[in-house]
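Asker: Before anything else, here's the structure in question.
Readers should treat all values here as calculations from the given coordinates under stated rules, not as data from a laboratory. Predicted model, so just to flag it, every value in this text is computed and none were measured. Glycine gets a Cβ as well: all are built from the backbone with ideal geometry, and neighbour counts include every protein chain shown.
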Amino acid sequence: MNFFNGSLSMRFNTLEKNIKSKSNSFYDSYLDLLETTIKFILDENNIEYDKSRTCGFLIKDDYIKSYFLYVLKLDDYTYNKIPDYIKKCNDHKHKKEKIVSIEAIINYLKVYFDLINYYSINKNLGYMEFDASYFESIFGETERLNNEYKNEVSKLKQEVKNLYEMNELSKEDVKTYQDIIQRKDMELDNLDDQNQELQNQISLLKSIKINSLEEKLHYTFDNLRELGLTIKNNRIVKEILDKSNANADKIDITRTEKVINKTINKTKDMIDDINKYTSTSKEELNRINEGLSNIIDSYDEIE
């Protein structure tokens, strides 16, 4: 909608929102957009008209009709469909029908795009392609997202519940988690409002999980540093015994090896896990990966 002003863009965005929600408010938003567009065209061309009148009246005015047909050169089908759709929008509004079909949306929008393209071509503003497939793809998007968000919230709640039961949450995160689970089920009729609330919950639950993972990583990294010292000490002892022709095989480092392997694998798993939930801890993860690589190198030297 770069051809037009902010007011038209705002109304077009509202129209798209209603398409995504499969809302019958599409008819109201379409009528609002159409009327604002017609009055915008008249204003831009200094055509006088009664501003208190609706677009249904204005489009039938002889002078305005002549402008659209003979100056903008609208074809008869497009011109006749404008008052037809205006009447149908008003009929839907008064009947309060709750269903809007994608077929109706495509038909209505095709006429609207034809209207603005006649005007755009006349003013050398270019041509705006009507992409029916785009509107088909966003039809019902809000409902699809609502289901996805609900599934994501349910999954995260279970994961955080497990952390809570294992006492792996901070006091602050416990409070946040309890606040989330104590909230009542969605009582919002508007799916957009529901989706906003669900997104907020997803963000909070992911933050809780990330905090827990980061704590585990810090703890594991400290253990790895201690194990690194153990490896170093074992290597020194082994070298001394080798030099003194003692039986180095008598040194039992099997237990240390098992602990090292277990800790290394656990750390790798946690690094993979946290990468799924955040991209903000790259510096910390790089530091841990570097430390892990150094320890693995030291371990390999013993073998």
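Asker: Measure off 7 Å from each Cα along the Cα-to-Cβ vector at A132 and D50, then give the distance between these two points in nanometres to one decimal.
Answerer: So the two model labels end up 3.8 nm from each other.
Asker: Also, I was wondering about something else. Please list the radius of gyration and Dmax for the range 6-139, considering alpha-carbon atoms only, with Å as the unit.
Answerer: Every Cα atom of the range 6-139 included, Rg and Dmax give 14.5, 41 Å.
Asker: Mind jotting down a quarter of the surface of the convex hull over the alpha carbons of the range 144-208, in square nanometres, one decimal?
Answerer: Details: hull surface 16.5 nm².
Quarter of the Cα hull surface area: 4.1 nm².
Asker: How far apart, in nm, are two points set 7 Å out from the Cα along the Cα-to-Cβ line at Y70 and at K184?
Answerer: 6.4
Asker: Below 12 angstrom from the Cβ of R11, what's the summed charge of the other residues (Lys, Arg +1; Asp, Glu -1)?
Answerer: For residues surrounding R11, the net value is -2.
Asker: Which FRET efficiency value, to the nearest 0.05, is calculated for N5 and I202 with the Förster distance at 25 angstrom and r the Cβ-Cβ distance? Please list the in-between numbers first.
Answerer: Numbers: r = 36 Å, r/R0 = 1.43.
Approximately 0.10, to the nearest 0.05.
Asker: Hey, got the Cα dimensions of the range 78-173 along the principal axes, in Å, largest first?
Answerer: Largest first, the range 78-173 extends 69, 38, 23 Å along its Cα principal axes.
Asker: How far is it, in nm, from the label point at K123 to the one at N151 when both lie 7 Å from their Cα along the line to the Cβ?
Answerer: Here the answer is 4.5 nm between the modelled labels.
Asker: Right, another one. Explain nothing, just the number: relative contact order of the range 144-208, from Cα pairs under 8 Å at least 6 residues apart, as a whole percent.
Answerer: 59
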